[in-house]
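Written below as structure tokens is the structure these notes are about.
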Amino acid sequence: MANSSRAPGRSRRLRAALVVSAAVGLLATAGAVVLPGSASAASTLGASAAESGRYFGTAVAVSRLNDSAYTTILNREFNQVTAENEMKIDALQPNQGQFNYGNADRLVQHARSQGMLVRGHTLAWHSQQPGWMQNMSGTTLRNAMLNHVTQVATHFRGQIEWWDVVNEAFQDGSSGARRDSNLQRTGNDWIEAAFRAARQADPNADLCYNDYNIDNWNDAKTQAVYRMVQDFKSRGVPIDCVGLQSHFTGGSNYPSNYRTTLSSFAALGVDVHITELDIRNAPTDAYRNVVNDCLAVARCKGITVWGIRDSDSWRSSENPLLFNGSGQKKPAYDAVLTALNNGTPPTGNPTTPPPTGNPTTPPPGGGCTATVTPGQVWGDRYNTSVTVNGASTWSVVVAITPPQRISATWSGSPTWDSSGNVMTMRSNGSGNTFGFTTMMNGNSSARPQIRSCTAG
Ligand code: 9MR
């Protein structure tokens, strides 16, 4: 029988709502608090989202990592990535039993070198199946699907924060029914079987159901997915999150009840993620509304846009993204950044006290000093910012006490030693203050230590 138990760190993390009282938040962030319009407002999407404990990510096409204009924006702005195509079934298992992880591993390596979180997309889907799978049915297909889930989740174990375990399994329109597919024809329980296999293979990844056209609370499809999640929660099927793709077009506009949808799913006890956001013609109002809706829901963990520049988009003729084809910021970018910076921390009770201890400065001699300012604290994670004085280019070595783990960084270029516990952060031209988010993973008292600050 599939094991639906969780690793201790993860279950603690899941139970801890992403909440902190506004008052404690202000105290904990001390000098680093961001007030609307304040001069200390973060200047990139990822850094700004991190100030409320969220991520701001993008879909990445691995082939574009060779394009330096693309990679410059990626590394500067985003602290989460989703493989646009490289973790789909046809990419990872082109022939039955023959797995091809090269491109996906390259993305994971890149993300790790930059302190970005990775969303895995997607383990089971009716689309993008390799030919050998398309021709299967019944028990043979069910077993092949479960084997794919197990092999892939095992391969990436420890490197994936969230898996889209099942993608797009419901019909559009008014039926509220499951989408017909070869997987659906193996039996209605194929979705929960996939979730159980994923949990067993990687107990530390959060497991999501992901779909499009589940943004409008009144839609039959939204209601059908809601009922499935409710049923899974009531029966102990291991599901942790729902991804709303949020591809907004003329035919599927941003709905005014989007916040109700997010909060209604969250009230079932799952996190919500906006996983593939793009909006036809990138109107500033709709982008701003989406950000504000996510910020208003404590369990909305972050936003991923489906590509960087309009020219990278799967529907590039609609110019739906935040950067134009030349890599310049569009008005929608400014609207998103401003909304993120104006966002207030989620309200609620803190589950962990703010750090009291030991801001550290390194031993002298490296030609610069590095001073720690404790940042915001949530139940499962906390932020830290470090200000360097005495040099304009520098590298700072930061040690983390395991099982704590740095999950996102901003305003610097990080590299890690082989243990993953020691980060060297180098200046990258974005100023003299860098920051990072640390997952507590069960240790709520340890705080980062600055080992050295070296000029040049
Ligand atoms: O953007 C992706 C495009 O490059 C692929 O050709 C297409 C088919 O696999 O998938 C696109 O991404 C889809 C995502 O995986 C699932 N939700 C809808 C996205 C846009 O079609």
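The values are calculated or read from the model by the stated rules, or taken from the named source; none is laboratory data. Predicted, not measured: the structure shown is a model, and the values here were computed from it. Here the Cβ is made from the backbone with ideal geometry for all residues, glycine too, and neighbour counts use every protein chain on show.
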*With the checklist (1) over 20 Å from Tyr212 (Cα atoms); (2) acidic (Asp, Glu); (3) touching a residue at least 60 places away in the same chain (Cβ under 8 Å) in hand, flag the one item Glu276 doesn't pass.*
(1)
*Could you please give the count of residues in region 117-135 that are away from the ligand (no atom under 16 Å from the Cβ) and crowded, with 19+ Cβ neighbours inside 10 Å?*
1
_Whether any residue in region 235-248 is at pLDDT below 95 and touching a strand residue (DSSP E or B) at 6+ places or on another chain (Cβ under 9 Å) is what I want to check._
no
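Which of the residues that make up region 69-93 are under 18 Å from Ala144 (Cα atoms) and away from the ligand (no atom under 14 Å from the Cβ)?
Selection gives Gln93 alone.
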_Going residue by residue through region 175-183, is there one that turns out to be crowded, with 18+ Cβ neighbours inside 10 Å, of a type in the set (D, E, K, R), within 16 Å of the ligand (Cβ to nearest atom) and within 23 Å of Leu244 (Cβ to Cβ)?_
no
*How many residues are acidic (Asp, Glu), closer than 24 Å to Thr139 by Cβ and within 16 Å of the ligand (Cβ to nearest atom) when one looks only at region 191-218?*
0
*State whether one or more residues within region 322-332 are in contact with a helix residue (DSSP H, G or I) (Cβ under 6 Å, 6 or more places away or on another chain) and without any contact (Cβ under 8 Å) to a residue 24 or more places away in the chain.*
yes
*Ala193 fails exactly one of the following numbered conditions: (1) surrounded by 17 or more Cβ atoms within 10 Å (Cβ to Cβ); (2) farther than 20 Å from Val242 by Cα. What is the number of that condition?*
(2)
*How do the pairs read when you match residues in region 298-317 that are touching a residue at least 12 places away in the same chain (Cβ under 8 Å) and within 12 Å of the ligand (Cβ to nearest atom) with residues anywhere that are small (Gly, Ala, Ser) and not in a loop (DSSP other than H, G, I, E, B), using Cβ under 6 Å and keeping only pairs 6 or more apart or on different chains?*
Thr304/Gly57; Trp306/Ala59; Gly307/Ala59
_Give all pairs with beta carbons closer than 6 Å in which a residue from region 202-227 that is in contact (Cβ under 8 Å) with a residue 12 or more places away in the chain and on the phi < 0 side of the Ramachandran plot meets a residue that is within 13 Å of the ligand (Cβ to nearest atom) and polar (S, T, N, Q); count only pairs at least 6 apart in sequence or on separate chains._
Asn210/Asn167; Asn210/Thr275; Tyr212/Gln245; Asp215/Ser246; Lys221/Asn213
*asked:* Of everything in region 333-345, what is touching a helix residue (DSSP H, G or I) at 6+ places or on another chain (Cβ under 7 Å) and of a type in the set (Val, Ile, Thr)? Give them in sequence order.
replied: Val336, Thr344
*asked:* Pull out all pairs, ordered by first then second residue, where Cβ-Cβ is under 7 Å, the residues are six or more apart or on different chains, the first lies in region 40-68 and is more than 21 Å from His247 (Cα to Cα) and within 15 Å of the ligand (Cβ to nearest atom), and the second is modelled with pLDDT of 95 or more and of a type in the set (Ser, Thr, Tyr).
replied: Arg64/Tyr70
_Within region 434-456, tally of residues that are β-branched (Val, Ile, Thr), closer than 13 Å to Ser385 by Cα and over 23 Å from the mean Cα position of the chain (by Cα)_ = 1
